[in-house]
Each structure stands twice: as C-alpha cells, then as structure tokens.
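Each remark here refers to the structure printed beneath this line.
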Amino acid sequence: MSHGLSTDPAKAVELIDDLEAFFYVLLYYVFRYLTSNCLSAAAWIEGIFDGYRIVDDVYYIGEGKGSAIRTGKLTVITEQLTFQADSIN
C-alpha cells in the first residue's frame, strides 16, 4: 500500500499510488532473491512490509517503511542497503 493511501484513508487511488505499490513488489523480490549486506532478510522484510501501528482505530505504516520514505534510503541498522547481482552470462 502506498504511503499516501495509508495516511489518508479517504484518498482516491491515483497512478502514483499504483507505481509506489509496484516499487514495493519489485523491492520485495530484489531483496528476497539477490545477495545483500543484510544479515537478517526476514527481519528487514518484516520491518518494511509487515510493520504497522494503530492509532484511534486507524492503521499507519511501520517505522521501516516510514523511515525509507522520509530519508529516501533503505538501510540495514546504520548502513545503506546494498545488493550484489551475479552476472547473467
């Protein structure tokens, strides 16, 4: 779910929301199947995709996704997340 939709339940779905959702799907598969500098893939995935909080019966995104949106960086503890892709050849 996009940040915009999760912060404003009355918001109408727009193209940007679909693009953000597609980015998260792509990110999930990249993280799941490529080698990275993260020691605990399951914990990182949970922090980004499964984390949430409830305030006054309204669901909000978790701190992992919120931090990535605010800073524009994906991090593992204090390091920037990096991936290593093997050659296709």
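The values are calculated or read from the model by the stated rules, or taken from the named source; none is laboratory data. Fair warning: this is a prediction, and the values are worked out from it, not measured in the lab. Ideal geometry is used to build each Cβ from the backbone, glycine not excepted, and the neighbour counts take in all protein chains shown. Just so you know, the surface numbers come from the protein's heavy atoms only, side chains and all, with ligands and any DNA or RNA stripped out. Shrake-Rupley method; radii C 1.70, N 1.55, O 1.52, S 1.80 Å.
Annotations
- Failed criterion for L34 (all others in (1) surrounded by 10 or more Cβ atoms within 10 Å (Cβ to Cβ); (2) out of contact with any strand residue (DSSP E or B) (no Cβ under 7 Å at 6 or more places or on another chain); (3) not charged (D, E, K, R) hold): (2)
- Filter result (farther than 17 Å from M1 by Cα and among the charged types (D, E, K, R)) within the range 15-62: R32, D56, D57
- Within the range 53-69, at least one residue is open to solvent by 70 Å² or more (accessible area, probe 1.4 Å), in a helix (DSSP H, G or I) and modelled with pLDDT under 75.
- Contact map, the range 1-30: first residue under 17 Å from V58 (Cα atoms) and modelled with pLDDT of 85 or more, second residue part of a helix (DSSP H, G or I) and open to solvent by less than 50 Å² (accessible area, probe 1.4 Å), Cβ cut-off under 9 Å, separation 6 or more or different chains; pairs are K11/G4; K11/L5; K11/D17.
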